[in-house]
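Take a look at the structure below.
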Amino acid sequence: MQLHREAIIDAATTLLNTYGLADVTMRRVASSLGVAPGALYWHIANKQALIAALAEDIIAPVAGSTLEEISLHLRELLLARRDGAEVAIAGLSQPDSQAWDHLVAQFSSATCPDFDAAARKAAALSAVHLVLGATLLEQSQRQLLETTGGTTAADYRADLVRGVRIINAGLQHSEAD
C-alpha cells in the first residue's frame, strides 16, 4: 500500500468515529494502516498536526448564506463525528491556523454586508465561539447520557438559533448607535 496523507487522515477519522479522540494516537493510526509509526511522520509532523488535519476535514464543507445557516451547518458537521467539537477546537486553536482564519472569514461573509468589516468580524467570532462551545457541551452531555442512560429536555438546536439571533440583533443595534 502506498502511504499518503489522505490515507492517514482517513484511518484517523475511522479511529475517531469508532473510539473517540482519546484513542487517536500516531501508533494506533500506524497499526490500523499496517505500517511502522515512523512512516507516518513523512506525511504528518506530529499528533497535533494530525488533529489539525482532522479538524480541517470536519469543517471543510461548512457553508451558509446567513449567520444562522452557517452556524447550524457547522453544528451539524461537528455532531456528525464523535468528539467532533473537541477535535475542531483542538485543531483550530493551534497558532497560525489557516483553517481558523478561513472559518472566521466564512462566518464574516455570512453576516450582513451593510456593516463595517470590524463589526462583521466581531459577530463572526462570537458566532464561531458560540457554535464550538455549545456543540462541545452538547456532545459531552449526550455522551454522558448514553453512558448513564439519562435523558435531557434540552433543545440544543433551538438554544443555538436563539444565541445566533441575539448576536445578529446586537450587530444591528451596535451599527444603529
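Readers should treat all values here as calculations from the given coordinates under stated rules, not as data from a laboratory. The structure displayed is predicted, hence computed values, not measured ones. We place every Cβ from the backbone using ideal geometry, glycine too, and count neighbours over all the protein chains shown.
Couple of notes before you dig in:
- Label of the coordinate-derived value, mean projected area of the Cα convex hull in nm², listed as (1) 9.6; (2) 11.4; (3) 10.9: (2)
- Separation of alpha-carbon centers, the range 18-61 and the range 72-129, rounded to whole Å: 23 Å
- Kirkwood Rh, angstrom, the range 1-44 [1 / mean 1/r, Cα pairs]: 10.2 Å
- The chain - mean residue ellipticity at 222 nm from DSSP helices (-39,500 (n - 2.57) per run, n ≥ 4, rounded to 500): -23000 deg cm²/dmol
- Fewest-first ranking of 100, 42, using other Cβ atoms within 10 Å as the exposure measure: 42, 100
- Sequence-ordered 3J(HN,Hα) estimates for the range 14-22 from the Karplus curve with 6.51, -1.76 and 1.60 and θ = phi - 60° stand at 4, 4, 4, 5, 7, 10, x, 4, 4 Hz, glycine and proline given as x.
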